[in-house]
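Each value in this text was obtained by applying a stated rule to the coordinates, not by laboratory testing. The structure displayed is predicted, hence computed values, not measured ones. Cβ coordinates were reconstructed from backbone atoms using ideal geometry, including for glycine residues, and neighbour counts include every protein chain displayed.
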Amino acid sequence: MMLDADVLVVGGGPAGLAAAIAARVKGLRVMVADGCRPPISKACGEGLLPEAVEALCELGVTPGPQDGRALRGIRFQEQGVTVGAEFRKSLGLGMRREALHQKMIDRALACGVDLRWNAPVTTVGTDDAIVAGNKIKAKWVVGADGLRSRVRRWAGIAETHRSSNRFAWRRHYRAKPWSDFVEVHWDAQAQAYVTPVGEEEICVVVIGDRPKARLEPALRQFPELQQRLASAPLASVERGAVTEMGKLRRVTRRNVALVGDASGTVDAVTGQGLALGFQQAQALAEALATENLERYEQAHRDLLRRPWFMGNLLLLLSRRPGMRRRAFHALQAAPQLFEGLVGWHAEKKPLLELATAGAQCGWRFLTA
């Protein structure tokens, strides 16, 4: 059978482009099809933790200082309590989603990936797909088409099990960042994320459980942040998105594999969605090159384990204000525990370091 490509990637967002780049580096002929044209924007926090930056560099995508703003750590704030930790291994990066997308497009083109924009995929079969009305034959099909993946449905892969469903609103402001940390402001009903994305620009995202909430009214719950933004000109329109925690029993079937949000999701509170998609892309490329999708199934489960645990832990804190306040007071009194959490979550530091810090600080939590 004459193939148009070894791999057809459905979806040209960051996860799809990462899968395409990784597969092309392995020597496979790759086509990406997407019904939109770049730049493809999405309401997200735009903070790349060190793990995501490392994964990007492994793909050959190397953002420079001109592409965003270096991030030195993470800080949690609520009602006068502040806990923060610096990244020890390397820096993160605050970067506009459109800028990240263009860097990945440039890398894909340099690798020889065939990019098809304005090319909606309407059907995926056992050995072909309909792309912009044309039949395309490919040995492998990769679904990178997001949270409500049609490729997942066409392939007959079981629907995700969802443990949460929340709503996010994002806007950019023209303002000089007052910190080189990602700030997470906590309230009883929501969290507000502040990420520097340039020398004169910041990204603000509010996430909560109410579907009809909007960013401006929600910011009233964070008076200190609202005051800082009061005189800052807007740099973008408000955009909304849904964020979930969801798992699949399997992420492959026959010649189809899923990557990124199509393969399961972690809540945006983790900040790990992009890193997870980039890492999955590398694992999938290894599996495709060896024609062993079971290898990808195992790798996918392993990659999801840590952000899934952290996502559920942070969601628990978001819904238990009393527990959260006690935890924040304990972390403020024992900063090495928060440093251990950040290191394990954002930089893959050994779990032993976190366990040791937790044992040392457990009594502080009980008495906070």
Inset, instruction - Rounded to the nearest 10 degrees, what's the angle between the helix 273-289 long axis and the longest principal axis of the chain, both from Cα atoms, 0 to 90? - result: 30
Inset, instruction - Report the far tail of the P(r) of the chain, meaning the percent of Cα-Cα pairs longer than 31 Å. - result: 35
Inset, instruction - Measure off 7 Å from each Cα along the Cα-to-Cβ vector at Cys57 and Asp4, then give the distance between these two points in nanometres to one decimal. - result: 3.8
Inset, instruction - Return the calculated 222 nm mean residue ellipticity for the chain, to the nearest 500 deg cm²/dmol, obtained by summing -39500 (n - 2.57) across DSSP H runs with n ≥ 4 and dividing by the residue count. - result: -12000 deg cm²/dmol
Legend entry - Contact order relative to length of region 1-60, as percent, for alpha carbon pairs under 8 angstrom and 6 or more apart: 33
Legend entry - Efficiency of FRET between Gln189 and Arg37 - r from beta-carbon atoms, R0 56 angstrom, step 0.05: 0.90
Legend entry - FRET efficiency, 1/(1 + (r/R0)^6) with R0 25 Å, evaluated for Glu224 and Ala70 via beta carbons: 0.60
Inset, instruction - Report the residues of region 6-43 in range of a label on Ala289: point 7 Å along Cα→C-beta, backbone N strictly under 20 Å from it. - result: 6-9, 15-32
Legend entry - the chain: angle of helix 14-25 to the longest principal axis, Cα-based, in degrees nearest 10: 50
Inset, instruction - Relative to the longest principal axis of the C-alpha atoms of the chain, give the angle of the C-alpha long axis of helix 293-319, reported between 0 and 90° and rounded to the nearest 10°. - result: 30
Legend entry - Whole-number percent relative contact order across the chain, with pairs defined as alpha carbons under 8 Å at least 6 apart: 22
Inset, instruction - With springs only between Cα atoms under 10 Å apart, run a GNM on the chain and tell me which of Arg320, Arg72, Arg174 wobbles the most. - result: Arg320
Inset, instruction - Would you mind telling me which residue in Val206, Val237, Val151 has the biggest mean-square fluctuation in a Gaussian network model of the chain, where springs connect alpha carbons within a distance under 10 angstrom? - result: Val237
